[in-house]
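The values are calculated or read from the model by the stated rules, or taken from the named source; none is laboratory data. Small disclaimer: the values here were computed from a predicted structure and weren't measured. All Cβ positions, glycine included, derive from the backbone under ideal geometry; neighbour counts span all protein chains shown.
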Amino acid sequence: MHAIQIMKTGGPEVLNYTTVERPSPEADEALIKIDTCGINYIDTYHRSGLYPVELPAILGLEAAGVVEAVGSNVTAFKPGDRVAYPNVPGSYAEYICVPVIRMVLVPDELSLELAAASMLQGLTGHALTHSTYPVDSNSQVLIHAAAGGAGQLLVQLCKMKGARVIGTVSTEAKADIAKAAGADDIIFYNDQDFAAETLRLTDQVGVDVIYDSVGKTTFIAGLDALRRRGTMVLFGNASGAPDPVNPALLMQKGSLFLTRPILFDYIADRTELEMRCADLFGWLIDGKISIRIDQKLPLSEAAKAHQLLEGRQTAGKLLLKPYQ
Ligand code: NDP
(Lines give C-alpha, C1' and ligand atoms only; values in the text may rest on other atoms or scores of the structure.)
Protein backbone atom coordinates (compact mmCIF):
# COMPACT_ATOMS: atom_id res chain seq x y z
CA MET A 1 0.00 0.00 0.00
CA HIS A 2 1.00 3.65 -0.33
CA ALA A 3 1.93 5.65 2.76
CA ILE A 4 3.87 8.72 3.86
CA GLN A 5 6.87 7.52 5.81
CA ILE A 6 9.80 9.29 7.43
CA MET A 7 13.20 7.63 7.85
CA LYS A 8 14.66 10.64 9.68
CA THR A 9 13.34 13.86 11.22
CA GLY A 10 13.56 17.21 9.46
CA GLY A 11 11.63 19.57 7.18
CA PRO A 12 8.74 18.64 4.89
CA GLU A 13 11.26 17.10 2.46
CA VAL A 14 11.65 14.05 4.75
CA LEU A 15 8.05 13.01 4.00
CA ASN A 16 8.41 10.13 1.52
CA TYR A 17 5.47 8.88 -0.52
CA THR A 18 6.38 5.23 -0.59
CA THR A 19 5.12 1.65 -0.68
CA VAL A 20 4.97 -0.42 2.51
CA GLU A 21 3.40 -3.72 3.45
CA ARG A 22 -0.33 -3.62 4.14
CA PRO A 23 -0.89 -4.42 7.86
CA SER A 24 -3.03 -7.29 9.22
CA PRO A 25 -5.27 -6.81 12.26
CA GLU A 26 -4.37 -8.25 15.67
CA ALA A 27 -7.13 -9.86 17.74
CA ASP A 28 -8.50 -6.56 19.11
CA GLU A 29 -7.96 -4.50 15.97
CA ALA A 30 -9.80 -3.60 12.78
CA LEU A 31 -8.20 -3.12 9.36
CA ILE A 32 -9.53 0.13 7.91
CA LYS A 33 -9.41 1.25 4.29
CA ILE A 34 -8.81 4.96 4.78
CA ASP A 35 -11.06 7.39 2.93
CA THR A 36 -9.66 10.64 4.36
CA CYS A 37 -6.72 11.46 6.65
CA GLY A 38 -6.68 14.68 8.66
CA ILE A 39 -3.56 16.83 8.98
CA ASN A 40 -2.78 18.31 12.37
CA TYR A 41 -0.02 20.57 13.58
CA ILE A 42 1.22 17.79 15.85
CA ASP A 43 2.17 15.84 12.70
CA THR A 44 4.76 18.55 11.96
CA TYR A 45 6.20 18.08 15.47
CA HIS A 46 6.53 14.33 14.85
CA ARG A 47 8.17 15.08 11.51
CA SER A 48 10.59 17.70 12.91
CA GLY A 49 11.49 15.71 16.03
CA LEU A 50 10.03 18.23 18.53
CA TYR A 51 7.85 15.34 19.73
CA PRO A 52 10.03 12.22 19.24
CA VAL A 53 8.65 9.15 17.45
CA GLU A 54 10.27 5.81 16.73
CA LEU A 55 11.73 5.67 13.19
CA PRO A 56 10.90 4.76 10.51
CA ALA A 57 7.41 6.12 11.09
CA ILE A 58 4.25 6.57 9.08
CA LEU A 59 2.91 9.96 10.18
CA GLY A 60 -0.65 11.06 10.91
CA LEU A 61 -2.99 10.42 13.84
CA GLU A 62 -6.56 10.72 12.55
CA ALA A 63 -8.64 9.37 9.69
CA ALA A 64 -12.02 8.04 8.68
CA GLY A 65 -12.73 5.06 6.47
CA VAL A 66 -14.44 1.71 6.11
CA VAL A 67 -13.69 -1.46 8.07
CA GLU A 68 -12.22 -4.07 5.74
CA ALA A 69 -11.56 -6.88 8.26
CA VAL A 70 -11.61 -7.41 12.03
CA GLY A 71 -9.48 -9.41 14.48
CA SER A 72 -10.72 -12.55 16.22
CA ASN A 73 -11.87 -10.78 19.44
CA VAL A 74 -13.81 -8.00 17.74
CA THR A 75 -17.60 -8.12 18.00
CA ALA A 76 -18.55 -4.42 18.15
CA PHE A 77 -17.49 -3.65 14.55
CA LYS A 78 -17.82 -5.56 11.25
CA PRO A 79 -16.58 -5.19 7.68
CA GLY A 80 -18.39 -2.36 5.90
CA ASP A 81 -18.78 -0.18 9.03
CA ARG A 82 -17.92 3.49 8.56
CA VAL A 83 -15.54 4.55 11.34
CA ALA A 84 -13.24 7.33 12.49
CA TYR A 85 -10.57 7.77 15.15
CA PRO A 86 -8.51 10.66 16.58
CA ASN A 87 -5.30 9.14 17.84
CA VAL A 88 -3.66 6.20 16.09
CA PRO A 89 -0.19 6.73 14.59
CA GLY A 90 0.26 5.68 10.95
CA SER A 91 -2.73 7.41 9.38
CA TYR A 92 -1.10 8.93 6.27
CA ALA A 93 -1.71 5.65 4.44
CA GLU A 94 -4.19 3.66 2.38
CA TYR A 95 -4.82 1.16 5.19
CA ILE A 96 -4.29 1.09 8.95
CA CYS A 97 -4.95 -1.33 11.80
CA VAL A 98 -6.72 0.39 14.70
CA PRO A 99 -7.38 -0.97 18.21
CA VAL A 100 -11.19 -0.93 18.15
CA ILE A 101 -11.31 0.65 21.60
CA ARG A 102 -9.96 3.82 19.98
CA MET A 103 -12.42 4.18 17.10
CA VAL A 104 -16.08 5.15 16.79
CA LEU A 105 -18.88 4.53 14.29
CA VAL A 106 -19.67 7.43 11.96
CA PRO A 107 -23.42 8.13 11.62
CA ASP A 108 -24.87 7.64 8.10
CA GLU A 109 -25.81 11.33 7.90
CA LEU A 110 -22.16 12.44 8.24
CA SER A 111 -19.57 12.22 5.43
CA LEU A 112 -16.32 10.41 6.11
CA GLU A 113 -14.50 13.61 5.17
CA LEU A 114 -16.23 15.62 7.87
CA ALA A 115 -15.81 12.82 10.37
CA ALA A 116 -12.04 12.77 9.72
CA ALA A 117 -11.90 16.58 9.84
CA SER A 118 -13.69 16.72 13.18
CA MET A 119 -11.61 14.25 15.11
CA LEU A 120 -8.50 15.75 16.68
CA GLN A 121 -9.33 19.44 16.48
CA GLY A 122 -13.05 18.98 17.20
CA LEU A 123 -12.49 16.74 20.18
CA THR A 124 -9.89 19.20 21.45
CA GLY A 125 -12.40 22.03 21.14
CA HIS A 126 -14.94 19.95 23.04
CA ALA A 127 -12.50 19.01 25.79
CA LEU A 128 -11.14 22.53 26.28
CA THR A 129 -14.54 24.29 26.38
CA HIS A 130 -16.45 21.61 28.31
CA SER A 131 -13.86 20.11 30.65
CA THR A 132 -10.61 22.09 30.91
CA TYR A 133 -12.42 25.39 31.46
CA PRO A 134 -16.19 24.97 31.09
CA VAL A 135 -17.32 28.11 29.31
CA ASP A 136 -20.78 29.58 29.93
CA SER A 137 -22.86 32.55 28.88
CA ASN A 138 -21.06 34.81 31.37
CA SER A 139 -17.60 33.94 30.03
CA GLN A 140 -15.34 36.31 28.15
CA VAL A 141 -12.86 34.30 26.12
CA LEU A 142 -9.70 35.07 24.13
CA ILE A 143 -8.86 32.56 21.38
CA HIS A 144 -5.53 32.87 19.59
CA ALA A 145 -5.22 31.86 15.92
CA ALA A 146 -9.01 32.05 15.78
CA ALA A 147 -9.08 31.26 12.06
CA GLY A 148 -6.97 28.11 12.50
CA GLY A 149 -8.24 24.55 12.52
CA ALA A 150 -8.61 24.25 16.28
CA GLY A 151 -9.32 27.99 16.55
CA GLN A 152 -12.46 28.06 14.39
CA LEU A 153 -13.93 25.12 16.28
CA LEU A 154 -13.18 26.74 19.64
CA VAL A 155 -14.85 29.96 18.50
CA GLN A 156 -17.99 28.08 17.45
CA LEU A 157 -18.17 26.00 20.62
CA CYS A 158 -17.73 29.05 22.87
CA LYS A 159 -20.43 30.91 20.92
CA MET A 160 -22.72 27.87 21.22
CA LYS A 161 -22.42 28.26 25.00
CA GLY A 162 -23.21 31.96 24.77
CA ALA A 163 -19.75 33.32 25.64
CA ARG A 164 -18.26 36.53 24.32
CA VAL A 165 -15.34 35.66 22.02
CA ILE A 166 -12.33 37.77 21.16
CA GLY A 167 -10.14 36.20 18.47
CA THR A 168 -6.63 36.97 17.30
CA VAL A 169 -5.53 36.52 13.67
CA SER A 170 -2.71 37.65 11.37
CA THR A 171 -4.57 38.90 8.27
CA GLU A 172 -7.80 40.58 7.13
CA ALA A 173 -8.81 37.43 5.25
CA LYS A 174 -8.40 35.37 8.43
CA ALA A 175 -10.34 38.03 10.38
CA ASP A 176 -13.31 37.48 8.04
CA ILE A 177 -13.07 33.73 8.59
CA ALA A 178 -12.90 34.08 12.39
CA LYS A 179 -15.87 36.46 12.33
CA ALA A 180 -17.81 34.01 10.15
CA ALA A 181 -17.11 31.37 12.81
CA GLY A 182 -18.70 33.72 15.36
CA ALA A 183 -15.93 35.83 16.90
CA ASP A 184 -17.35 39.06 18.35
CA ASP A 185 -14.10 41.03 18.25
CA ILE A 186 -10.88 40.58 16.30
CA ILE A 187 -7.36 41.61 17.27
CA PHE A 188 -4.49 41.58 14.76
CA TYR A 189 -1.84 40.24 17.08
CA ASN A 190 1.06 40.89 14.69
CA ASP A 191 0.34 44.61 14.64
CA GLN A 192 -1.50 45.34 17.88
CA ASP A 193 -0.63 44.85 21.56
CA PHE A 194 -3.22 42.10 22.02
CA ALA A 195 -3.13 42.20 25.83
CA ALA A 196 -3.79 45.95 25.96
CA GLU A 197 -6.50 45.58 23.32
CA THR A 198 -8.14 42.74 25.26
CA LEU A 199 -8.18 44.89 28.41
CA ARG A 200 -9.69 47.78 26.44
CA LEU A 201 -12.41 45.48 25.04
CA THR A 202 -13.24 44.18 28.55
CA ASP A 203 -13.30 47.52 30.40
CA GLN A 204 -9.83 46.80 31.83
CA VAL A 205 -11.08 43.61 33.55
CA GLY A 206 -9.48 40.97 31.32
CA VAL A 207 -10.91 37.72 29.99
CA ASP A 208 -11.89 34.70 32.06
CA VAL A 209 -9.93 32.26 29.92
CA ILE A 210 -7.39 32.24 27.11
CA TYR A 211 -7.13 29.31 24.71
CA ASP A 212 -3.56 29.66 23.45
CA SER A 213 -2.34 27.36 20.66
CA VAL A 214 0.38 29.78 19.51
CA GLY A 215 2.72 29.55 22.50
CA LYS A 216 6.03 31.34 22.37
CA THR A 217 4.88 34.67 20.91
CA THR A 218 1.64 34.94 22.92
CA PHE A 219 1.89 33.07 26.20
CA ILE A 220 3.63 35.58 28.51
CA ALA A 221 1.77 38.62 27.19
CA GLY A 222 -1.47 36.66 27.60
CA LEU A 223 -1.01 36.61 31.38
CA ASP A 224 -1.70 40.37 31.30
CA ALA A 225 -4.95 39.88 29.38
CA LEU A 226 -6.56 37.63 32.00
CA ARG A 227 -8.85 38.80 34.77
CA ARG A 228 -7.90 38.19 38.37
CA ARG A 229 -7.98 34.38 38.97
CA GLY A 230 -8.37 33.83 35.23
CA THR A 231 -7.28 30.64 33.46
CA MET A 232 -4.55 30.24 30.87
CA VAL A 233 -5.14 27.15 28.75
CA LEU A 234 -1.89 26.73 26.84
CA PHE A 235 -2.54 23.90 24.40
CA GLY A 236 -0.11 24.36 21.52
CA ASN A 237 3.14 25.78 20.18
CA ALA A 238 2.49 26.96 16.62
CA SER A 239 5.13 29.70 17.11
CA GLY A 240 7.41 27.53 19.27
CA ALA A 241 7.31 26.36 22.87
CA PRO A 242 7.21 29.15 25.48
CA ASP A 243 10.12 29.59 27.88
CA PRO A 244 9.71 28.07 31.37
CA VAL A 245 7.96 30.27 33.94
CA ASN A 246 8.39 30.67 37.68
CA PRO A 247 5.09 29.72 39.38
CA ALA A 248 5.32 32.96 41.39
CA LEU A 249 4.50 34.81 38.18
CA LEU A 250 0.96 33.41 38.38
CA MET A 251 0.59 35.07 41.80
CA GLN A 252 2.01 38.36 40.58
CA LYS A 253 -0.37 38.45 37.60
CA GLY A 254 -3.48 37.96 39.76
CA SER A 255 -3.61 34.43 41.23
CA LEU A 256 -3.94 32.90 37.77
CA PHE A 257 -4.50 29.25 36.85
CA LEU A 258 -2.28 27.65 34.23
CA THR A 259 -2.88 24.33 32.52
CA ARG A 260 -1.12 22.65 29.62
CA PRO A 261 -3.63 20.04 28.39
CA ILE A 262 -3.34 17.44 25.64
CA LEU A 263 -6.43 15.90 24.09
CA PHE A 264 -5.36 12.34 24.72
CA ASP A 265 -5.91 12.72 28.49
CA TYR A 266 -9.50 13.77 27.77
CA ILE A 267 -10.39 10.75 25.60
CA ALA A 268 -8.34 8.01 27.26
CA ASP A 269 -11.54 6.63 28.72
CA ARG A 270 -13.78 4.98 26.07
CA THR A 271 -16.95 6.52 27.57
CA GLU A 272 -15.43 9.97 27.33
CA LEU A 273 -14.37 9.40 23.71
CA GLU A 274 -17.87 8.25 22.76
CA MET A 275 -19.55 11.11 24.65
CA ARG A 276 -17.43 13.77 22.94
CA CYS A 277 -17.81 12.17 19.48
CA ALA A 278 -21.58 11.85 19.89
CA ASP A 279 -21.83 15.55 20.77
CA LEU A 280 -19.61 16.63 17.87
CA PHE A 281 -21.26 14.42 15.26
CA GLY A 282 -24.69 15.57 16.42
CA TRP A 283 -23.74 19.27 16.19
CA LEU A 284 -22.26 18.75 12.71
CA ILE A 285 -25.34 16.88 11.47
CA ASP A 286 -27.68 19.51 12.95
CA GLY A 287 -25.62 22.33 11.44
CA LYS A 288 -24.86 23.82 14.88
CA ILE A 289 -21.16 23.82 13.98
CA SER A 290 -19.34 23.53 10.66
CA ILE A 291 -15.81 22.73 9.61
CA ARG A 292 -14.10 24.84 6.99
CA ILE A 293 -12.06 22.55 4.76
CA ASP A 294 -9.10 24.64 3.63
CA GLN A 295 -7.75 22.12 1.11
CA LYS A 296 -8.00 18.48 0.12
CA LEU A 297 -4.79 17.09 -1.32
CA PRO A 298 -3.76 13.67 -2.61
CA LEU A 299 -1.84 11.62 -0.03
CA SER A 300 1.29 12.01 -2.15
CA GLU A 301 1.22 15.78 -1.46
CA ALA A 302 1.60 15.57 2.32
CA ALA A 303 4.81 17.62 2.16
CA LYS A 304 2.94 20.49 0.51
CA ALA A 305 0.29 20.30 3.24
CA HIS A 306 2.96 20.61 5.94
CA GLN A 307 4.51 23.62 4.16
CA LEU A 308 1.13 25.35 3.97
CA LEU A 309 0.38 24.70 7.64
CA GLU A 310 3.76 25.83 8.96
CA GLY A 311 3.75 28.80 6.58
CA ARG A 312 0.52 30.14 8.18
CA GLN A 313 -1.18 29.80 4.81
CA THR A 314 -4.20 27.80 5.95
CA ALA A 315 -7.46 28.70 7.64
CA GLY A 316 -9.23 25.53 8.64
CA LYS A 317 -8.74 21.87 7.96
CA LEU A 318 -6.24 20.22 5.63
CA LEU A 319 -7.17 16.75 4.43
CA LEU A 320 -5.29 14.05 2.53
CA LYS A 321 -7.04 11.65 0.16
CA PRO A 322 -5.21 8.32 -0.36
CA TYR A 323 -7.18 7.37 -3.49
CA GLN A 324 -7.47 10.73 -5.27
P1 NDP B 1 -3.75 25.93 12.95
O2 NDP B 1 -4.69 25.65 11.85
O3 NDP B 1 -4.21 26.75 14.09
O4 NDP B 1 -2.44 26.56 12.32
C5 NDP B 1 -1.56 27.28 13.09
C6 NDP B 1 -1.92 28.78 13.12
O7 NDP B 1 -1.19 29.37 14.18
C8 NDP B 1 -1.50 29.52 11.87
O9 NDP B 1 -2.43 29.45 10.81
C10 NDP B 1 -1.31 30.93 12.39
O11 NDP B 1 -2.53 31.67 12.35
C12 NDP B 1 -0.94 30.70 13.88
N13 NDP B 1 0.47 31.05 14.11
C14 NDP B 1 0.91 32.05 14.89
N15 NDP B 1 2.24 32.13 14.87
C16 NDP B 1 2.67 31.14 14.04
C17 NDP B 1 3.95 30.75 13.62
N18 NDP B 1 5.08 31.37 14.02
N19 NDP B 1 4.06 29.70 12.76
C20 NDP B 1 2.95 29.04 12.34
N21 NDP B 1 1.70 29.40 12.71
C22 NDP B 1 1.55 30.44 13.56
O23 NDP B 1 -3.19 24.53 13.50
P24 NDP B 1 -3.91 23.47 14.45
O25 NDP B 1 -5.29 23.91 14.76
O26 NDP B 1 -3.73 22.11 13.85
O27 NDP B 1 -3.01 23.47 15.75
C28 NDP B 1 -2.63 24.67 16.41
C29 NDP B 1 -1.79 24.33 17.64
O30 NDP B 1 -2.62 23.67 18.59
C31 NDP B 1 -0.61 23.39 17.38
O32 NDP B 1 0.47 23.76 18.21
C33 NDP B 1 -1.15 22.06 17.79
O34 NDP B 1 -0.16 21.13 18.15
C35 NDP B 1 -2.01 22.45 18.97
N36 NDP B 1 -3.02 21.46 19.29
C37 NDP B 1 -2.93 20.88 20.52
C38 NDP B 1 -3.83 19.94 20.91
C39 NDP B 1 -3.75 19.39 22.28
O40 NDP B 1 -4.35 18.35 22.57
N41 NDP B 1 -3.04 20.03 23.19
C42 NDP B 1 -4.85 19.41 19.98
C43 NDP B 1 -4.92 20.14 18.73
C44 NDP B 1 -4.00 21.12 18.40
P45 NDP B 1 -2.41 33.26 12.06
O46 NDP B 1 -1.85 33.37 10.67
O47 NDP B 1 -3.79 33.80 12.21
O48 NDP B 1 -1.45 33.80 13.10
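Each residue in the stretch 223-252 was checked for being away from the ligand (no atom under 13 Å from the Cβ) and surrounded by fewer than 20 Cβ atoms within 10 Å (Cβ to Cβ), and 15 pass. Of the residues Val66, Val83, Val100, the single one that is surrounded by fewer than 18 Cβ atoms within 10 Å (Cβ to Cβ), β-branched (Val, Ile, Thr), in the same structural domain as Thr36 (by TED's automatic domain parsing) and at pLDDT 95 or above is Val66. Screening the stretch 269-279 for residues that are of a type outside the set (S, T, N, Q) and more than 14 Å from Met119 (Cα to Cα) and picking the one that is nearest to the ligand (Cβ to nearest atom) gives Asp269.
Against the list (1) free of Cβ contacts under 8 Å to residues at least 12 places away in the same chain; (2) buried (at least 16 other Cβ atoms within 10 Å of the Cβ), the condition Gln295 fails is (1). Applying a threshold of 8 Å to beta carbon distances and a minimum spacing of six or more residues, or different chains, the list of pairs starting in the stretch 66-83 at a residue that is more than 15 Å from Asp28 (Cβ to Cβ) and ending at one that is among the small types (Gly, Ala, Ser) and surrounded by fewer than 12 Cβ atoms within 10 Å (Cβ to Cβ) reads Val66/Gly80. Scanning the stretch 9-29 for residues that are assigned to a loop (DSSP other than H, G, I, E, B) and either closer than 19 Å to Ser300 by Cα or out of contact with any Cys (no Cβ under 9 Å at 6 or more places or on another chain) (or both) yields Thr9, Gly10, Gly11, Leu15, Val20, Glu21, Arg22, Ala27, Asp28. Could you check, for the stretch 110-125, whether at least one of its residues is at pLDDT 95 or above, crowded, with 18+ Cβ neighbours inside 10 Å, of a type in the set (Val, Ile, Thr) and in a helix (DSSP H, G or I)? Scanning the stretch 110-125, I find at least one residue that is at pLDDT 95 or above, crowded, with 18+ Cβ neighbours inside 10 Å, of a type in the set (Val, Ile, Thr) and in a helix (DSSP H, G or I), so the answer is yes.
Could you list all residues from the stretch 157-177 that are within 10 Å of the ligand (Cβ to nearest atom) and in a strand (DSSP E or B)?
Step one: of the stretch 157-177, the residues within 10 Å of the ligand (Cβ to nearest atom) are 167-171, 173-175, 177.
Listed by number, the residues that qualify are Gly167, Thr168, Val169.
Has the stretch 283-295 got any residue that is more than 30 Å from Ile4 (Cα to Cα), aliphatic (A, V, I, L, M) and either away from the ligand (no atom under 16 Å from the Cβ) or in a strand (DSSP E or B) (or both)? Outline the logic, then answer.
Here is the first cut: in the stretch 283-295, the ones more than 30 Å from Ile4 (Cα to Cα) are 283, 285-289.
Filter again for aliphatic (A, V, I, L, M), leaving 285, 289.
Cutting the leftovers down to either away from the ligand (no atom under 16 Å from the Cβ) or in a strand (DSSP E or B) (or both) gives us 285.
There is at least one residue in the stretch 283-295 that is more than 30 Å from Ile4 (Cα to Cα), aliphatic (A, V, I, L, M) and either away from the ligand (no atom under 16 Å from the Cβ) or in a strand (DSSP E or B) (or both).
The listed residues are Leu249, Leu256, and the only one of them that is over 22 Å from Ala127 (Cα atoms) and touching a residue at least 12 places away in the same chain (Cβ under 8 Å) turns out to be Leu249.
A quick yes/no check of all residues on (1) more than 22 Å from the chain's Cα centre (by Cα); (2) within 16 Å of the ligand (Cβ to nearest atom); (3) closer than 21 Å to Arg276 by Cα; (4) outside any strand (DSSP E or B):
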residue: His46; (1), (2), (3), (4): no, yes, no, yes
residue: Ala69; (1), (2), (3), (4): yes, no, no, no
residue: Val88; (1), (2), (3), (4): no, yes, yes, yes
residue: Val98; (1), (2), (3), (4): no, no, yes, no
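Taking helices (runs of 4 or more DSSP H) as the structural unit, those lying wholly within the stretch 182-269 and holding at least 1 residues that are under 26 Å from Tyr51 (Cβ atoms) correspond to 219-222, 248-252. Is it the case that some residue within the stretch 203-211 is surrounded by fewer than 19 Cβ atoms within 10 Å (Cβ to Cβ), over 26 Å from the mean Cα position of the chain (by Cα), modelled with pLDDT of 95 or more and of a type in the set (Asp, Glu)? Among the residues of the stretch 203-211, at least one is surrounded by fewer than 19 Cβ atoms within 10 Å (Cβ to Cβ), over 26 Å from the mean Cα position of the chain (by Cα), modelled with pLDDT of 95 or more and of a type in the set (Asp, Glu), which makes the answer yes.
Name the single residue, out of those in the stretch 296-324 being among the small types (Gly, Ala, Ser) and within 16 Å of the ligand (Cβ to nearest atom), that is nearest to Ala115 (Cα to Cα). Filtering the stretch 296-324 for residues that are among the small types (Gly, Ala, Ser) and within 16 Å of the ligand (Cβ to nearest atom), the one nearest to Ala115 (Cα to Cα) comes out as Gly316. Taken together, the criteria place Ala178 among residues that are crowded, with 18+ Cβ neighbours inside 10 Å, at pLDDT 95 or above and either within 19 Å of Val214 (Cα to Cα) or within 17 Å of the chain's Cα centre (by Cα) (or both).
Looking at this structure, is Gly316 at positive phi, surrounded by 14 or more Cβ atoms within 10 Å (Cβ to Cβ), at pLDDT 95 or above and out of contact with any helix residue (DSSP H, G or I) (no Cβ under 9 Å at 6 or more places or on another chain)?
Answer is no for this residue.
Of the numbered criteria (1) in a strand (DSSP E or B); (2) over 15 Å from the mean Cα position of the chain (by Cα), the one Val74 fails is (1). Please indicate, with yes or no, whether at least one residue in the stretch 133-156 is under 20 Å from Asp286 (Cα atoms), part of a loop (DSSP other than H, G, I, E, B) and of a type in the set (Asp, Glu). Among the residues of the stretch 133-156, not one is under 20 Å from Asp286 (Cα atoms), part of a loop (DSSP other than H, G, I, E, B) and of a type in the set (Asp, Glu), which makes the answer no.
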